[in-house]
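Please read the structure below before turning to the comments.
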Amino acid sequence: MQRRDLMQAGALLGLTGWGSGALAHHGWSSFDQDRPIYLEGKAVDVKWRNPHVELVLELPDNLILPADLSRRPLPAQTAGIDGPALLGKTVLPSRREKRWEIELAPLFRLGQWQMPEIKVGTSLSVVGFTFKDEKGEAILRAEYIFLDGKTYGLRSSPA
């Protein structure tokens, strides 16, 4: 098959929904890293798989930004990110969807952090990034997960 034929076949799969799994993955460059967003709630759907773990987080009606967010302890290994500054400028989303898709790190990275498998019904909070101007789907790429009193930095690996 020629390259053009492969590209047309890939486009057809995407249009028909057959290729949607591959289309769901978003690289870091797709997200607005200048505006960190805070979400918390309960996991209502979890896909514990590669290329990265995905979950759907259902938010409470009265989502608030925690007063202590910028003072939360962070892992020392944060891939060169100024975590306290990032948490200090974190805001609530301007959009009002009750359910957000959260993209976490690959399984290998979560295993390195010894992060427990998130199950449906698990309560957690997350700081991450959404699309510029919060346009498009309600998707958040996780930078930090706060789970059971522990913080996981998803873009870095523990030393």
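What follows is calculated from the coordinates using simple rules that are stated; it is not laboratory data. Since the model is a prediction, treat every value here as computed from it, not as a measurement. Note that we place each Cβ from the backbone using ideal geometry, even for glycine, and neighbour counts take in every protein chain shown.
In straight-distance terms, cross-link reach from K89 covers every one of the lysines whose alpha-carbon lies under 19 Å from its own, apart from those fewer than eight places away in the same chain; here that gives K132. In this simple spin-label approximation, K47 and D133 carry label points 7 Å from Cα along the Cα→Cβ vector, and these lie 2.8 nm apart. A straight Cα-to-Cα reach below 16 Å connects K42 with the lysines K98, K119, residues fewer than 8 places away in its own chain not being considered. Positive contributions from Lys and Arg (+1) and negative ones from Asp and Glu (-1), summed over other residues with Cβ under 13 Å from the Cβ of G80, come out at -1.
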